[in-house]
Amino acid sequence: MSKRIIIIGGVAGGASCATRLRRNDEEASITIYEKGPYVSFANCGLPYHIGNVIKSRDALLINTPEALKNKFNLDVKIKHEVIKIDRENKQVEVKNLESGEILTDSYDKLVVSTGSSPLRPPIPGIDGDNIFSLWDIPDMDVIIENLDKVKSNHATVIGGGFIGVEVAENLVDRGFDVSLIELSNQVMPPFDFEMAQVLHRHMNEKGIELILSNGVKSFESSDDNVKITTNNGEVYNTSLVVLSIGVKPNSSLIKECGLELNNRGGVVVDEKLQTADKDIFAIGDVAEVIHIVNGQKTMIPLAGPANKMGRIAADIIAGKEAEYKGSMGASVVKVFDLTAACVGMNEKSLERNGLVKGKDYITNVIHPKSHAGYYPGAMGIDMKILYDPTGKILGAQAVGFEGVDKRIDVLSSVIKFGGTVYDLTELELCYAPPYSSAKDPVNMLGYVAENLLTHNESFVDIENLENNEDTILLDVRKDAERMMGAIEGSIHIPLDKLRENVDKLDKSKKIIVFCAVGLSSHSACRILKQKGFDRAYNLSGGYTSYRIYNYKINSQLKKASVSRIEQAKENVQEDDDNVKVIQVDACGMQCPGPALKLHDAIKNAKSGDVIEIQTTDSGFFADVEGFCNSTGHTLIKNEQGNRGYVSRIRIAGKQDGSSDEQTGIVALPHDKTMVVFSNDFDKAIASFIIANGAASMGRDVTMFFTFWGINILRKKHAGKVRKNMVEKMFGAMMPKGSSKLKLSKMNMAGMGKSMIKGIMRKKNVLSLEELIETAIKNGVKMVVCTMSMDLMGIKKEEIIDGVEYGGVVSYLDAAERSDVNLFI
Ligand code: FAD
């Protein structure tokens, strides 16, 4: 007699199971009950029809009941909801959702592939108008219909998981301004924070407002507007909301018929996908799975596992030997121009399982290129690997423009077969310059991990980067690279100068070495270790990781930088024949190549010239704005095309910071220090003009007032101050404050000074008193030398407010971090 098989749910798992069943057994009687109006549709494609990327709605309808009947002799009943499983009589109760009629049907084997449903937590107002979820074709239709209706073009996505991020992108593609609100501090929970940061930056660049670490407290829908109040009390108004908060398994039928669910509501099944009732199978999102990495039961709601489970359940029903060995969450998502893919466990999941970083698991981050750097179009990939102390790979993540999915697929295969990081070093992967490098990024992950495990090298992860008295942060990049930005508090010895300067480093300190991505710093660490620096550590992922990790999520960022660029465009007349545009092609060059090329071009350019540099290095693209800020050049354009970047820079004066000649240890640029020794009026004016100018550029400025310079800060009327005879006499001979200073030259009994003051007024130059006040407001740090005060008998009561008191050490400390140090 032929078998009678009923399948509940006719999409990923259900449809896959049914067609395989038919291929296995031509005689079986197979019925699919599907409560929705469609079977076998492409739910993964729904966001892309919203964005009009998949133009045809019909393209999403992979099969119809008629086609499944004709091709596979399947009996498909859409709009039929199974409302009860009667295990005793091996029957299901089914409701025809159109007629309301209830019927019963008998089975020999029952396959439950009811999937999951989007969560709708009981947030006040969540059922109001214009608040939607996206799960099936009708959901998609309603969203599209309402997108066409709403008056404003602002939409908000709640939840930053796979579907939320895809919906956000597609709403942007449809012309909407989009905000994304997410409770945790990052989007894409399967990725670790530093990897998600790459996505944050890119989403910001594409105009998405990211509101992270903030949940929704309430919704209020009225007249084409949804008012969203977040947990921290902020209010956002939007036209349309798409909820993407998470999913829960549709397991109520199983629960009600007395079979076991796990604590997340998933159906408990064995490796044959059978429940405790051997005639009832559960597959897909509704079923729990074994995590291949740690062997524990978990829920992994993805299409790949659902399809595979469908096929395996069909084989087992047909009497074949088969079992489902588990899932490991291999997944990929498109985030505008980026691809993000991951597999296995991340740091959060490992720690939830009680594993401790450094002891039970180790991580490395690298930033290789998608293919050989010298072949056009090579793009950066940010990659992370997690493994245990034996080298067994626990997980991997990658984000980049190209070649991301293939790397994670390779790593996924290695994990599946229980491989280690040592296996990665041995993998022979296909190579030609347009596709990869002779050492593929996957091999590179293996090399880095092998270096660590064989104790050749010690690493510091970016989140553990410390900067204290016991630590030296050593930058071994080339000068031109450092001009693109640096880690605060770091010192600079380019790799090729390290050997000759090694004695300048303190062996008793921990030295954290960094370069752009971790390669030169690896060589530097080898030098240091062999020269007796036992505590030399390589910063995992180098400055690139630092820059990504410290990216400040800021929805205004893009708008601000765009408007700065717009402003710059207005200022430069590029059509003017006098403006020379110098073309620089740095495509395919890896860091520091583009920075060095730009540096060379600047050396040969004149003030006002425009340099247009074409690159494919995402690091350069990210840093060029900082470079312009620190060198005074103007970034006119910084754009990303399909296969690279174009940056246009207008050259300011020749204060381009050319520093190729610099050697040895160079302090972190940007801060300015000044020793103000003189109490001459003109010198005081000059020092405060410089201090205010630097402060307005955002630099930290420290002015150290010593000897006569202290008089600039004396009060005109200090009241009664206790002094001895000598101190009184000395004090009386010196100028009491800014108004009493004299010109260094041509003072002419005060006439010269009055003339200068008059000219300053006429020319709208601030008076010295105003300059001092402005400096205090601008945050300029004024330190008065206590030793000089003591010598000269000046008391604190005589000094104006808003200054600090210190010795030479506080000045030297500031001077170490500065690139300009003046003695006035
Ligand atoms: P489903 O495919 O969801 O099918 C379950 C079906 O059961 C539903 O049609 C439901 O109507 C029906 N049903 C439920 N209860 C009953 C009942 N009592 N009676 C009758 N019928 C019932 N995964 C990826 O791996 N990659 C992606 O890119 C991806 N993108 C996605 C995008 C979107 C918008 C969505 C919604 C999902 C996406 N997924 C993706 C997840 C993937 O689609 C699911 O993991 C997969 O479909 C699960 O298959 P399933 O058979 O368990 O459930």
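The values are calculated or read from the model by the stated rules, or taken from the named source; none is laboratory data. Here the structure is a predicted model, which means the values were calculated and not measured. FYI the Cβ positions are ideal-geometry reconstructions off the backbone, even for glycines, and counts take in every protein chain you see. The accessibility values were calculated without ligands, DNA or RNA, using every heavy atom of the protein model including side chains. Shrake-Rupley method; radii C 1.70, N 1.55, O 1.52, S 1.80 Å.
Take the Cβ atoms of Ala59 and Met733, set R0 to 56 Å, and the FRET efficiency comes out at 0.05.
Take each peptide in 313-323, 376-386, 482-492, 79-89, count the other Cβ atoms within 10 Å of every residue, and average; sorted highest first, the result is 376-386, 482-492, 313-323, 79-89. For Lys217, the lysines whose Cα falls under 20 Å of its own Cα, not counting residues fewer than eight places away in the same chain, are Lys227. Pairs from the table (Lys672/Lys742; Lys369/Lys478; Lys716/Lys742; Lys79/Lys297; Lys439/Lys597; Lys736/Lys796) lying more than 23 angstrom apart at Cα are Lys672/Lys742; Lys79/Lys297; Lys439/Lys597. Placing unit charges on the Cβ atoms of the charged side chains and taking the dipole of the chain about its Cα centre, the candidate lying farthest along the positive direction among Ser2, Tyr38, Ile228 is Ile228. With R₀ fixed at 60 Å, the C-beta to C-beta distance from Glu321 to Lys151 puts the FRET efficiency at about 0.50. Please go through the residue pairs Lys69/Lys95; Lys683/Lys720; Lys71/Lys334; Lys497/Lys781 and name each one whose alpha carbons sit more than 27 Å apart in this structure. Violating the 27 Å Cα-Cα cut-off are Lys683/Lys720; Lys71/Lys334; Lys497/Lys781. Based on DSSP H segments of at least four residues, each scored -39500 (n - 2.57), the chain has a per-residue ellipticity at 222 nm of -9500 deg cm²/dmol. Ordering Ser754, Ser545 by accessible surface, largest first, gives Ser754, Ser545; the 1.4 Å probe counts only protein heavy atoms, with every chain in place.
Distance between the 7 Å Cα→Cβ label points at Asp279 and Lys217: 5.5 nm.
Shown here for segment 674-769: trypsin sites (Lys or Arg not before Pro) in loop regions (DSSP other than H, G, I, E, B) with at most 16 other Cβ atoms within 10 Å, namely Lys715, Lys716, Lys720, Arg722, Lys723, Lys736, Lys745, Lys763. Taking 7 Å steps out from each Cα toward its Cβ at Tyr422 and Lys745 produces label points 7.6 nm apart. Annotation for segment 25-60: trypsin sites (Lys or Arg not before Pro) lying in DSSP loop with at most 10 further Cβ atoms inside 10 Å of their Cβ are Lys55. List the lysines whose Cα sits under 16 Å from the Cα of Lys357, skipping any in the same chain fewer than 8 residues away. The qualifying lysines are Lys348, Lys384, Lys392. Mind checking the log10 I(q)/I(0) for segment 122-273 at q = 0.17 Å⁻¹? Debye, one equal scatterer per Cα, no solvent, two decimals. For segment 122-273 at q = 0.17 Å⁻¹, log10 I(q)/I(0) is -0.99.
Pairs Lys510/Lys531; Lys248/Lys278; Lys308/Lys406; Lys248/Lys406: which are spaced more than 22 Å apart, C-alpha to C-alpha? Table pairs above 22 Å Cα-Cα are Lys248/Lys278; Lys248/Lys406. For chymotrypsin sites (Phe, Trp or Tyr not before Pro), the sites in segment 331-431 that DSSP calls loop and that have at most 15 other Cβ atoms within 10 Å are Tyr374, Phe417, Tyr431.
The residue list Ile776, Gly380, Ile602 was ranked by how far each Cα lies along the charge dipole of the chain toward its positive end, using unit charges on Cβ atoms, and Ile776 comes out on top.
When each of the peptides 163-171, 138-146 is scored by the mean number of other C-beta atoms lying within 10 Å of its residues, the order from highest to lowest reads 163-171, 138-146.
Summing +1 for each Lys or Arg and -1 for each Asp or Glu among the other residues whose beta-carbon sits under 10 angstrom from that of Ser106 gives -1.
Under the convention that each Lys and Arg Cβ holds +1 and each Asp and Glu Cβ holds -1, the size of the dipole of the chain around its Cα centre is about 3040 debye. If you plug the beta carbon distance of Gln530 and Leu791 into 1/(1 + (r/R0)^6) with R0 = 41 Å, you get a FRET efficiency near 0.25.
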